[in-house]
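Structure first, commentary second.
The values are calculated or read from the model by the stated rules, or taken from the named source; none is laboratory data. Nothing here was measured: the structure is a model prediction, and the numbers come from that model. Because the Cβ atoms are built from the backbone with ideal geometry, glycine has one as well, and the counts that use them run over all protein chains shown.
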Amino acid sequence: MSGFDFSGRDSFGSRLGVIAAAAGSAVGLGNIWRFPYVLGENGGGAFLIIYLLIIFAIGIPVMMSELVIGRRSQRNPVGAFRTLAPGKPWFLVGMMGIVAAFMILAFYTAVAGWTLEYIYQTLIGGFNGKNSAELATMFESFRSESLRPALWFSIFLVATAGIVLGGVRKGIEKSTKILMPLLLILLIVLCIKSLTLPGAGKGVEFLFKPDFSKITGTTVLMALGQAFFSLSIGMGTLITYGSYIPRDNNLAATAVQVSMVDLIIAIFAGIAIFPAVFAFGISPESGESLTFIVLPGIFQQITGGMAFAFAFFFLLAIAALTSTISVLEVIVAYFSEQLNISRRKAIIIATASMFVLGISASLSWGLMRDVKLFNLNIFDLFNFTTANILLPLGGLLIVAFLAWFLPGGDTLDELSNGGTLKLKYYRLFRFLIKFIAPVAIALVFLNGLGLVKF
Ligand code: PFF
């Protein structure tokens, strides 16, 4: 099955470029905005332990599987399954990924828009002198407006489309390689500041001291969803990126490195946020607003804090951009390859439809606040359904595809680069994708959604 035509297909330029692009997709608002608030709502340290277990036993194997499928097939998620399993219904897994991509891009770009508002606020001194309660009110009143969130959303969407138009390699690789390390440095400065605030110790305890009595089916489901969301797995993003990865890249090493970078950034975000949460007397269960209330509070404690805040929100917006690019790329690769239209046309169609979906998500606390399904507004509905249902279900089917359908020799060939790499953990990998990952995902699902009770 090897030897698809590489010519004419865009590809990543170097080993570092591959990691930069995949890490660019993984690292983003999921780490700095979503991880802290989901952890805060689901028991702190106990959540962290489950999260770690999931990353290693499920996340990395799923990521490796996606890269294998992508590079083997040289296709978008739908085309990949059609190529590797012709005439079989597996392509529906890819279709589900495209649906998830639409929903994620919609609400994620809305949050990315919030970061633009916060960049703007650092410029006009909007945070100056405000205490936590005032910062919370400021966030709520911004997000319940209609025009501003929708406007920032639109600007971010157009920026994403512009970069995807420029092509995979030029657009994504360059920005990530320089800016992500900078983000990490600023994050570390924030951690130090947060840790030295009076009362910070409680936050450290909350984050690192597990209270196992807090673990419920929901906690585990939320950790699973967060892991999938943060690693960008379960919907074919890494199938798509895998299809651009050169033949000599070590896919297993790439998956491990990307997952570790992603994990480290999430943990640093936790260390930056929670000590300050307790120092400022904010509830760790503040939900989606948590990061947006806590960070401006920390910046105010730093000399020259607003310049620092500007740099931080700017880099956060870039981190979000390298993620939105990867999601849009999934849709564009699918449209252009499967429907046989130009990339340009595909980008225009995808972006235009995204305006409708995304504006609705960004108005979830404004004009459309009363539109609810299962008691969730549009934003929360997209957020919950993708992370906790579509991505884990996609991941389950992706590992099942490798474990039970794709000839084992194909997987081995792809992971060992035609036998030129020595694979130390291949048997462990097979064990994880055959038994642990599918069974764990299925159980967490049934339990978390209340279908079966343990
Ligand atoms: N992993 C990204 C983050 O943590 O911010 C979000 C994301 C990107 C999710 C791409 C899914 C995806 F396919």
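Quick check, is Phe228 part of a helix (DSSP H, G or I), over 16 Å from the mean Cα position of the chain (by Cα) and surrounded by 24 or more Cβ atoms within 10 Å (Cβ to Cβ)? First the steps, then the outcome.
Working: part of a helix (DSSP H, G or I): yes; over 16 Å from the mean Cα position of the chain (by Cα): no; surrounded by 24 or more Cβ atoms within 10 Å (Cβ to Cβ): yes.
Here the answer is no, as Phe228 does not meet what is asked.
Can you go through Thr411, Thr351 and tell me which one is more than 23 Å from Arg72 (Cβ to Cβ) and hydroxyl-bearing (Ser, Thr, Tyr)?
Thr351
On the basis of being buried (at least 22 other Cβ atoms within 10 Å of the Cβ), touching a residue at least 12 places away in the same chain (Cβ under 8 Å) and either over 30 Å from Arg343 (Cβ atoms) or out of contact with any Pro (no Cβ under 8 Å at 6 or more places or on another chain) (or both), does Leu39 make the cut?
Yes.
Listed residues Met222, Met235; which is surrounded by 22 or more Cβ atoms within 10 Å (Cβ to Cβ), among the hydrophobic types (A, V, I, L, M, F, W, C), in contact (Cβ under 8 Å) with a residue 60 or more places away in the chain and under 30 Å from Leu415 (Cα atoms)? Can you show your working first?
Details: Met222 fails: under 30 Å from Leu415 (Cα atoms).
The conditions single out Met235.
Say whether the condition of being farther than 30 Å from Ala309 by Cβ, in a helix (DSSP H, G or I), within 15 Å of the ligand (Cβ to nearest atom) and not β-branched (Val, Ile, Thr) is met by at least one residue in segment 239-252.
First pass over segment 239-252, keeping only residues farther than 30 Å from Ala309 by Cβ: 239-252.
Then keep just the ones that are in a helix (DSSP H, G or I); that gives 239-242, 251-252.
Remaining after also requiring within 15 Å of the ligand (Cβ to nearest atom): 239-242.
The next check asks that each one be not β-branched (Val, Ile, Thr); those that pass are 241-242.
Checked segment 239-252: at least one residue is farther than 30 Å from Ala309 by Cβ, in a helix (DSSP H, G or I), within 15 Å of the ligand (Cβ to nearest atom) and not β-branched (Val, Ile, Thr).
Return the residues of segment 351-363 that are surrounded by 16 or more Cβ atoms within 10 Å (Cβ to Cβ) and without any contact (Cβ under 8 Å) to a residue 60 or more places away in the chain; say none if nothing qualifies.
none
When you go through (1) within 18 Å of Thr254 (Cα to Cα); (2) not in a loop (DSSP other than H, G, I, E, B) one by one for Gly419, which number turns out not to apply?
(2)
Take segment 112-170 and flag every residue that is within 26 Å of the chain's Cα centre (by Cα) and on the phi > 0 side of the Ramachandran plot.
The answer is Gly167, and nothing else.
When you look at Ala253, is it without any contact (Cβ under 8 Å) to a residue 12 or more places away in the chain and out of contact with any Leu (no Cβ under 8 Å at 6 or more places or on another chain), yes or no?
When the stated conditions are applied, Ala253 passes them.
Which is closer than 28 Å to Ala361 by Cβ and surrounded by 13 or more Cβ atoms within 10 Å (Cβ to Cβ), of Ala133, Ala150?
One residue alone meets the criteria, Ala150.
Only helices (runs of 4 or more DSSP H) wholly contained in segment 1-64 count here; list those with 3 or more residues that are at pLDDT 95 or above and more than 16 Å from the ligand (Cβ to nearest atom).
Details: elements: 15-26, 35-41, 45-54.
Per the criteria, 45-54.
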